[in-house]
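The values are calculated or read from the model by the stated rules, or taken from the named source; none is laboratory data. Fair warning: this is a prediction, and the values are worked out from it, not measured in the lab. Virtual Cβ from ideal backbone geometry, glycine too; neighbours counted across all protein chains shown.
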Amino acid sequence: MSDINYWEPENLTDAVSILADRADQVRALAGGTDLLVKMKKGLTNWKGIVNLKGLTELKGFIYEGQTISIGALTQISALIDNPLLSLHFPALVDAARSLGTPQVRNLATVGGNLCNASPAADVALVLLMYEARLLIMGPNGSRQVSIQEFYVGPGQTVLQQGEILTAIEIDLPPLNSKGVFFKHGKRKSHEIALVNVAVLLTPHPGRKQIAQARIAVGSVASTQLRIKDAEDSLTNSLATLSAFEQAAELVKEAVNPIDDVRSTASYRKQMVGVLTRRALVEAWGEEL
Amino acid sequence: MSYSVVGQSVPRVDAREKVSGSALYTGDMMLPHMLIGKVLRSPFAHAKIISIDTSKAKELPGVKVVLTYEDTPKILWNSAGFPPSPGAILVEDQYILTNKARYVGDGIAAVAAVDEATAVQALELIEVEYEVLPALMNIERAMSDGAVLIHEAEKNIYGHTPVVIGDIDAGFADADFVFEDTYYVPKVNQVSLEPCGVSMAAPDKDGRITIWTSTQMPHLVRSITAHALGLKTGQIRIIKPPVGGAFGSRLGVVNEPIAALLAMKVGQPVMLKYTREEAFLATESRHPITMTIKTGVKKDGTFTARQLTSYIDGGAYATHTPSLAGPVAGWFLAMYKSPNIKVDNYSVYTNSTQCGAFRGYGNPQVVFAVESQIDDIAERLGIDPLELRLKNHPCAGEVWLWSGWVIESCGFEECIASGAKAIEWTKKRSKIGNESSHQGSKKRGVGMGYMMHVSGARPMLHETSAAMIKINEDGTANLIYSNSDCGQGAGTSLSQIAAEELGIPFEDVMITKTADTDVAGFDIGSHASRQTYSGGNSVKNAAAKAKQKILEMAAEMMETPVSELVVKGGRVWASNKSSEEPAKSVSIAEISHRAHFGSHGNQIIGVVSEEPPGNPPVYAAQFVEVEVDTETGIVEVLRVVAAHDVGTAINPAIVEGQIEGAIQQGIGYALTEEYCYDQESGKPLNPNLSDYKILTSVDMPQIETILVEAACDTGPFGAKSVGESGLVATAAAIANAVYNAIGIRFKELPMTPERVLAALQNKNK
């Protein structure tokens, strides 16, 4: 590892200006659980690191009406410890619990999980399902993008030079809806998802028909995906096992996984179907 | 028999320092002027080295020395920690740094620099020109006609170990059924917490060199390192601090000669500490073996012939492989009785990292194959698998073919009975593939596996241990021993044996926690589950010698013959002639004080260097219950019942810990662990703990250990062994439980979700 520059800005403005001035030669450091590993492996040629840990204003939760704003530097472990999240966003808490190991969760941040743009990210997948809005600060001021627009490819986002993700906003899901996160791996902890799935089902009053369905899947394409066809197939349909199976089939058709050392494309494709169906059954929560 | 210290789960002698983090491992050490060593590794699996230019690296400020093959002694050697003995086939095919790359990670050059960053930078400045050769990543390719030779061995086969007992053809002719199956087990890593390959070498001004190293066998590492360097054994001093797990990975030389050569060339201490990735890339692991087993059997379950043909993939260098081929034969032929047995084991070179020792030394491989086939035989004959095993296993009083000696004690029947009861064998086996929750997609099954293992490796080699007990002025005792405890707890068990024999409290025995070849007598090390049995015998006999002197001194002081004295609780007591008189006693402190400073002027010391009189086998029956998710292929182990005959359990908590820890490795072997290589380039694909999947604490099932204490005559207080046996039968038991759950026989490990799902889909076609 060769010598690099290192900054610890005390406020967001300074952080943005350092990052903007040095263009793509410097990287922002949040939890460091991906960044430092890449640096140690010699996979980078970065000339500098801007440590954001001192920006305490980017940490924690703000509740306003129907919206929760999560600071981008909030640790994954803080999601698990938050009782209101457990109440309203249980799938988010499940995803946080499944991420890495306790040591990783104490360092890794929500913003880092998004900005790293891994197709396998657990917390980011659930935020995709909850239709998060991402607040970004840059040299030209702040802007907001929907999480759907955030990813460009594996490891790539719409963040421009000097831009920092500052907060993630999610609205309370519809009343009576239920969100579920399922992750598939070879072990129960310290695992990168072979496939992960986050779904949300909202029943019509009377609970026979589905009012709205959301299905987000990870590790099966170059970015995480919402599967619109599968969601639409469930809207206003009766909640039956065959409806869920059909939706799962549509998910399988929509994805394009790869072969790598962790699994095969064919296995991932089969698993995204099984997990989607199981997650939908779980989210419906009643005998079918 | 009742003991006072033996049989107690006393806290380990190294517990406090390890739990508090104050234990100093080799990698924690610092010496003034210490340099950091690094090794340049081949990026190619098989390549000639056309040229190496180290000039730029040498010019880098802070670099003190750069070595290549040109700088190494031209002495061929073998890294395996195997003593010269009739059973050892030690093919010498290594140099300290190679002149031809034979696997990705082979050591090409080494540097020592003032710090790690400089050393790493120096490696980048070394220019190597390679001529890349075909990478032979499996035995089929290595043995194929016209395959390029990795060393000078025809078809890359460098060893054949045959065994013939009786007439195998007549045995098969005599059989009602003949079963023939081929099994494959993968290469797996020991994954000790402290990565394998940590040593620090410091030369002195008298031509000697001290090496602190994380090893299982200080004395053998001393002599092998000396040979590789062209030094006399006495020129090297090995110090073994606490070791963070070994499991066979440190059963021999790892990187000590590189550290020593660097240090000697520069005249300064050098620390050479491998990363986790290097431990995967460049240190020894478990042998992949392809095994064909042919078994002839009568309708009543009597075996008429048993045959094993195995191809052992030893990787790029011979190290342990031809020597391991002997025990591989031994494990096979000694498990079940048969009048006709034939074994042919072949050692094959490939372009993967060399294989060596890993907990069980070939036994987990053999047991997976044998125990899988035994279940198939039982099913075909309509015999309960437990009955078939009970009918054919060797018992106490019979000759055990591994050693050729009579079996001293056998707790196998009790292992089967208590294990079957705990897992509810009769009830659960009757419901094959019983369905549980989740839309009927999950199927449960139970299965079991049996194994036998050694307590040392006699008579294949000498199991020498030396022990010295010295009684201090205050009555406490030092146990001077080449303590190669690598985390298993042997140092504690040996201290208990010493305390029991001496008749003093456990706390009053102080073992040398650090092994030092300049201090303790020759000890072969921690291998073959030998420390408690073999080392324990030496410790007990050294203590007995010291005790005899204590008694003689007490007899003088108490004016009572030795025959009427007993030692208990740190005092020597005269047996009461009549209950009227108060008991007469004198403390060992008083005795020792008198020995030192009274009329005699000597310290009471007991010393022995010897090997134990036997090699009593241990038995185990492991039972598991699994749940197979037929939609995902995931096999979950729900429960393990491990019934082990260990002889007397000197420290039951340590024995249970050994079994439970081993089961973690056994489940990984069955389900998740495997080295993956790109078959064309030979590049390792998962040399890290993210992609090489060892199980975590949350993956572990409920484990019940059942200790069956069939004490043996020759062991210290009846102890046999436990170190390796905990994982030997686990994978077989899981494979048999999976068969019970879904009716599919897996002949290849690991049973990954992908493989299980594919097999389920094939079956349903």
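Considering each residue of region A:43-59 in turn, at least one proves to be within 14 Å of another protein chain (Cβ to nearest Cβ) and either buried (at least 18 other Cβ atoms within 10 Å of the Cβ) or out of contact with any strand residue (DSSP E or B) (no Cβ under 6 Å at 6 or more places or on another chain) (or both). Against the numbered list (1) over 24 Å from B:Ser323 (Cα atoms); (2) in contact with an Asp or Glu (Cβ under 9 Å, 6 or more places away or on another chain); (3) among the β-branched types (Val, Ile, Thr), B:Ile374 comes up short only at (2).
When region A:101-112 is filtered for residues that are buried (at least 21 other Cβ atoms within 10 Å of the Cβ) and over 10 Å from the mean Cα position of the chain (by Cα), the ones remaining, listed by number, are A:Arg105, A:Ala108, A:Thr109.
Matching residues to (1) within 15 Å of the chain's Cα centre (by Cα); (2) more than 22 Å from A:Leu175 (Cβ to Cβ):
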site: A:Thr44; (1), (2): no, yes
site: A:Gly71; (1), (2): yes, yes
site: A:Ala78; (1), (2): no, yes
site: A:Asn82; (1), (2): no, no
site: A:Leu114; (1), (2): yes, yes
site: A:Tyr130; (1), (2): yes, no
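Does at least one position in region B:745-757 carry a residue that is among the acidic types (Asp, Glu), away from chain A (no Cβ under 14 Å), under 24 Å from the mean Cα position of the chain (by Cα) and part of a loop (DSSP other than H, G, I, E, B)? The answer is no; no qualifying residue exists.
The residues of region B:483-500 that are of a type in the set (Gly, Ala, Ser) and either over 21 Å from the mean Cα position of the chain (by Cα) or part of a helix (DSSP H, G or I) (or both), listed by number, are B:Ala490, B:Gly491, B:Ser493, B:Ser495, B:Ala498, B:Ala499.
Residues that are within 14 Å of chain A (Cβ to nearest Cβ) and on the phi < 0 side of the Ramachandran plot occur at least once in region B:638-653. Tell me which residues, restricted to region B:10-22, are surrounded by 16 or more Cβ atoms within 10 Å (Cβ to Cβ) and out of contact with any Gly (no Cβ under 7 Å at 6 or more places or on another chain). Once the filter is applied, which keeps residues that are surrounded by 16 or more Cβ atoms within 10 Å (Cβ to Cβ) and out of contact with any Gly (no Cβ under 7 Å at 6 or more places or on another chain), region B:10-22 yields only B:Val10. So is A:Ala124 closer than 18 Å to A:Thr33 by Cα and either within 11 Å of the chain's Cα centre (by Cα) or in a strand (DSSP E or B) (or both) or not? Criteria met by A:Ala124.
Whether any residue in region B:270-283 is of a type in the set (Asp, Glu), closer than 28 Å to B:Gly456 by Cβ and modelled with pLDDT of 95 or more is what I want to check. For region B:270-283, residues of a type in the set (Asp, Glu), closer than 28 Å to B:Gly456 by Cβ and modelled with pLDDT of 95 or more: absent.
Every condition in (1) in a loop (DSSP other than H, G, I, E, B); (2) in the same structural domain as B:Tyr739 (by TED's automatic domain parsing) holds for B:Gly445 except the one numbered (1). Taking every residue in region B:714-736 that is hydroxyl-bearing (Ser, Thr, Tyr) and pairing it with any residue that is assigned to a helix (DSSP H, G or I) and surrounded by 24 or more Cβ atoms within 10 Å (Cβ to Cβ), at least 6 positions away or on another chain, the pairs with Cβ-Cβ distances below 6 Å are B:Ser721/B:Tyr533; B:Thr730/B:Ile663; B:Thr730/B:Gly666. If the condition is being buried (at least 24 other Cβ atoms within 10 Å of the Cβ), out of contact with any Lys or Arg (no Cβ under 8 Å at 6 or more places or on another chain) and part of a helix (DSSP H, G or I), then region B:701-725 contributes only B:Ser725. Restricting attention to region A:254-269, the residues being surrounded by fewer than 20 Cβ atoms within 10 Å (Cβ to Cβ) and at the interface with chain B (Cβ under 8 Å from one of its Cβ atoms) number 2. All conditions in (1) within 12 Å of chain A (Cβ to nearest Cβ); (2) farther than 15 Å from A:Lys188 by Cα hold for B:Glu656, with the sole exception of (1). Taken over region B:395-412, the criterion of being touching a Pro at 6+ places or on another chain (Cβ under 8 Å) and within 17 Å of B:Leu333 (Cβ to Cβ) is satisfied by B:Trp400, B:Leu401, B:Trp402, B:Ser403, B:Gly404, B:Trp405, B:Ile407. Would you please list the contacts, defined by Cβ atoms under 8 Å and residues six or more apart or on different chains, that run from a residue in region A:77-91 that is in contact (Cβ under 8 Å) with a residue 12 or more places away in the chain to a residue that is assigned to a helix (DSSP H, G or I) and of a type in the set (Val, Ile, Thr)? Taking only residues 6 or more apart or on different chains, the pairs are A:Leu79/A:Val93; A:Leu79/A:Val110; A:Leu79/A:Val123; A:Ile80/A:Val93; A:Asn82/A:Val93; A:Leu85/A:Val93; A:Phe89/A:Val126; A:Ala91/A:Val126. Restricting the search to strands (runs of 3 or more DSSP E) fully inside region B:501-580 and requiring at least 1 residues that are modelled with pLDDT under 95 and within 28 Å of B:Ile654 (Cα to Cα) gives B:565-568.
As a summary of the residue check, A:Arg187 satisfies the conditions (1) more than 14 Å from chain B (Cβ to nearest Cβ); (2) without any contact (Cβ under 8 Å) to a residue 60 or more places away in the chain; (3) touching a helix residue (DSSP H, G or I) at 6+ places or on another chain (Cβ under 9 Å); (4) not in a strand (DSSP E or B) except for the one numbered (1). Does B:Glu611 count as within 30 Å of B:Ser455 (Cα to Cα) and surrounded by fewer than 24 Cβ atoms within 10 Å (Cβ to Cβ)? Taking the combined requirement at face value, the residue satisfies it.
Restricted to region A:270-288, and to residues that are crowded, with 20+ Cβ neighbours inside 10 Å and aliphatic (A, V, I, L, M), which residue is farthest from the other protein chains (Cβ to nearest Cβ)? Here the residue is A:Ala283. Taken together, the residues in region B:117-128 that are away from chain A (no Cβ under 14 Å) and free of Cβ contacts under 8 Å to residues at least 24 places away in the same chain amount to 0.
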